[in-house]
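What follows is one structure encoded as structure tokens, with my remarks underneath.
Please treat every number below as a calculation from the coordinates, not as lab data. Every value quoted in this text rests on a predicted model; they were computed, and no experiment measured them. Note that we place each Cβ from the backbone using ideal geometry, even for glycine, and neighbour counts take in every protein chain shown.
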Amino acid sequence: MTLDKDQKTTKNTTDADKASAGGHAQAPTTGKAPRVARIEVDRDLCIGAESCVLVAPDAFKMDGERKAVVKETWRSLNDDTILTAAKACPTAAIFLYDEDGNQVYP
């Protein structure tokens, strides 16, 4: 359930609603990006849009097959930037994991 800016009305949005609307279902946020310990790119999902590279060029680059790959320097970036880059992917090909191995995005 989400509240509008005035917090007068509510709207129920399910994960299925978000997915059917082209959005990505995700866990509720606390306003703080999750601690990212591992990044994976699903090469089958990656379409080479390069949005991740535009958002976080120190974390991602394109390889010879025009697929995103994670750079060794990704750890120099803050978690908010990594999450923003993952969210920028139009096919949700970037998966983020915390220190315990739990998937935190998407």
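The set of residues in the stretch 63-106 that are of a type in the set (Val, Ile, Thr), within 20 Å of residue 43 (Cβ to Cβ) and in a strand (DSSP E or B) comprises 69, 70, 94.
On the stretch given as the stretch 42-62, residues that are surrounded by 12 or more Cβ atoms within 10 Å (Cβ to Cβ) and assigned to a helix (DSSP H, G or I) total 4. When the criteria are applied in full, residue 38 meets the requirement of being within 14 Å of the chain's Cα centre (by Cα), closer than 16 Å to residue 95 by Cβ and surrounded by fewer than 16 Cβ atoms within 10 Å (Cβ to Cβ).
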